[in-house]
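Data first, discussion second: the structure below is written as structure tokens.
The values are calculated or read from the model by the stated rules, or taken from the named source; none is laboratory data. All figures in this text were calculated on a predicted structure; none of them were measured in a lab. Neighbour counts are summed over all protein chains in view; Cβ atoms, including those assigned to glycine, are modelled from backbone coordinates with ideal geometry.
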Amino acid sequence: MEESQHKWARERFATVLRQYRHQAGLSQEELGFRAGLAMRYISMLETNKRQPTISTLAALCNGLGVSMAVFVTEMENLD
């Protein structure tokens, strides 16, 4: 994957994560608790400073109450 594709994916991931967290009315701390992740890590994901693993995506989606398929589809559909 080219660097531009990596950047695209990271930026989209960060945006969709923030959107779903806000829609759920959760703070970063609350989402971290639900997903079993540190609040600082959530912050770093939302500011595009860390790249998530597939396990992290699964944990976040579980904490947000959305499927991984829906999350990734939302990433693809952002304008």
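Could you list all residues from the range 1-45 that are crowded, with 18+ Cβ neighbours inside 10 Å and either in a helix (DSSP H, G or I) or without any contact (Cβ under 8 Å) to a residue 12 or more places away in the chain (or both)?
In the first step, residues of the range 1-45 are kept if they are crowded, with 18+ Cβ neighbours inside 10 Å; the result is 13-14, 16-17, 20-21, 26, 28, 31-32, 35, 37, 42, 45.
Within the range 1-45, Phe13, Ala14, Val16, Leu17, Tyr20, Arg21, Gln28, Leu31, Gly32, Ala35, Ile42, Leu45 qualify.
So, in the range 46-79, exactly how many residues are at pLDDT 95 or above, among the hydrophobic types (A, V, I, L, M, F, W, C) and not in a helix (DSSP H, G or I)?
1
Every residue in the range 1-31 that is touching an Asp or Glu at 6+ places or on another chain (Cβ under 6 Å) and among the aliphatic types (A, V, I, L, M), please. Please lay out each step first, then the result.
So in the range 1-31, the residues touching an Asp or Glu at 6+ places or on another chain (Cβ under 6 Å) come out as 14, 16-18.
Passing the criteria: Ala14, Val16, Leu17.
Can you tell me which residues in the range 60-71 are farther than 16 Å from Arg10 by Cα, crowded, with 18+ Cβ neighbours inside 10 Å and aliphatic (A, V, I, L, M)?
Leu64
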